[in-house]
Amino acid sequence: MLANDVMTARDTKDLVALYEEDGHATKAGVFTPERMDAAIADVIAWSDEAIAAMSEKDRRWFVDGAAKGTVLRKLDNPHTKRAFFTELASDPAIVELVEALVGKGVSVYFSQIFFKPPHGGGPKPAHQDNFYFGPSDHDGVVTAWIALDQADEENGCLRYGRATHRGPIIGHTAPQDRPFDLQIAAPDMAGMEMRPAPVPKGGVSFHHGGTVHVSADNNSERWRRACAFHYVRNDVVFSHPALPYDHSLVLRVS
Ligand SMILES: O=C(O)CCC(=O)C(=O)O
């Protein structure tokens with residue numbers, strides 16, 4: 001057990017059982033802290049290059065307006081843009097866990113680095129990944145959220161609505177000035193308990209594409225950086241996506 005009473009899986013069998021029951025499950029120690037430090041170094045180099053090359057329009061979407069200085073909120077598709085992350089996404093240590101959850105033969109369709117700087121990172125509104133992706137089989141999509149830094153309640157770890165993967169995909173809307181920021185409206189979230197899922201550095205929180213999740217501000221002196229790989233079983237297609245996804249970015253890893 002970690003702080004906040006969230007269970008981490010003992011082994012792969014336990015991971016699958018927790019995932020099927022709750023719609024999410026955490027495995028500690030998938031990657032070493034040293035590998036996460038190397039990931040952070042790569043992300044910092046990439047951020048510097050990206051900020052220098054960014055248009056004014058992209059800055060409005062990718063830069064964290066609340067943070068001091070120019071700090072990115074997110075970067076898209078490290079699995080194709082950075083060799084380090086291509087290797088991480090293809091590592092048997094994670095691919096074998098993903099296959100245990102959704103079945104054999106998987107690809108990464110989309111990926112994101114999420115940055116929450118000390119006292120700067122804003123909240124990520126409640127959503128279900130499968131509203132975005134519109135897959136042909138809802139059980140064929142799993143997000144592997146890798147903690148590059150330790151994530152806990154204080155620095156804005158993910159929170160999940162337990163067993164919401166067994167419920168419907170809820171309608172999402174976006175604020176007019178942020179059309180990509182699709183989210184579940186507050187009245188639809190009323191009464192849904194969102195349980196924190198702390199993850200140690202190098203651990204992975206896996207969530208089903210139908211599981212409602214959210215993250216709060218970073219209220220600590222520490223960074224909270226994470227890499228999310230969205231894995232899809234190879235027979236699944238995004239038949240009714242809410243946003244356009246570029247199929248040339250699909251990385252088959254098994
Ligand atoms: O890291 C976050 O705050 C949001 C992550 C998320 O929404 C996801 O991985 O699907």
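The values are calculated or read from the model by the stated rules, or taken from the named source; none is laboratory data. Every value quoted in this text rests on a predicted model; they were computed, and no experiment measured them. All Cβ positions, even for glycine, are placed from backbone atoms using ideal geometry, and neighbour counts span all protein chains on display. Note: accessible area is taken over every heavy atom of the protein model, side chains too, but ligands, DNA and RNA are not part of it. Shrake-Rupley method; radii C 1.70, N 1.55, O 1.52, S 1.80 Å.
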Which value in deg cm²/dmol, rounded to the nearest 500, describes the helix-derived mean residue ellipticity at 222 nm for the chain, given -39,500 (n - 2.57) per DSSP H run of n ≥ 4 and division by the residue count?
-> -8000 deg cm²/dmol
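With every protein chain present, what is the per residue accessible area of region 3-252 (1.4 Å probe, Å²)?
Details: 10990 Å² over 250 residues.
Per-residue value: 44 Å².
Could you rank the peptides 207-218, 177-188, 11-22 by their average count of other C-beta atoms within 10 Å per residue, with the highest value first?
Values: 207-218: 23.8, 177-188: 13.0, 11-22: 15.5.
Most protected by this proxy first, the peptides run 207-218, 11-22, 177-188.
In the chain, what percent of the accessible surface is made up of carbon and sulfur (1.4 Å probe, ligands and nucleic acids excluded)?
Numbers: 5990 of 11270 Å².
On the chain, the fraction of accessible area on carbon and sulfur atoms equals 53 percent.
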Ranked order, Ser239, Ser248 - accessible area, probe 1.4 Å, largest first | Ser248, Ser239
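Using alpha carbon coordinates only, what is the Rg to Rh ratio of region 39-121, with Rh defined as the Kirkwood radius? Write down the numbers at each step before the final one.
Working: Rg = 15.0 Å, Rh = 14.3 Å.
We get a ratio of 1.05 for region 39-121.
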Highest GNM mean-square fluctuation, the chain, Cα pairs closer than 10 Å: which of Val204, Val108, Val63?
-> Val63
Cα extents of region 3-252 per principal axis, largest first, Å, are 44, 42, 40
Options Leu72, Gly202, Met192, ranked by Cα towards positive dipole end of region 3-252, top entry (Cβ charges) = Leu72
Which helices of the chain meet both criteria: a Cα extent of 27 Å or more along the helical axis and a mean Kyte-Doolittle score no lower than 0.0, with helices taken as whole DSSP H segments?
-> 33-53
Along Cα→Cβ, 7 Å out, is where each label goes; now give me the distance between the ones at Lys13 and Asp37 in nm to one decimal.
-> 3.6 nm
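What does the C-alpha gyration tensor say about the overall shape of region 84-211? Classify as rounded when a/c is under 1.5, otherwise prolate if a/b is larger than b/c, or oblate.
Cα axes put region 84-211 in the oblate bin.
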Can you pick out the pairs among Lys27/Lys74; Lys13/Lys116; Lys27/Lys124; Lys27/Lys81; Lys13/Lys81; Lys57/Lys201 whose Cα atoms lie more than 28 Å from each other?
-> Lys13/Lys116; Lys13/Lys81; Lys57/Lys201
When the chain is treated as a Gaussian network with springs between alpha carbons less than 10 Å apart, the largest mean-square fluctuation among Gly203, Gly105, Gly140 is found at Gly105
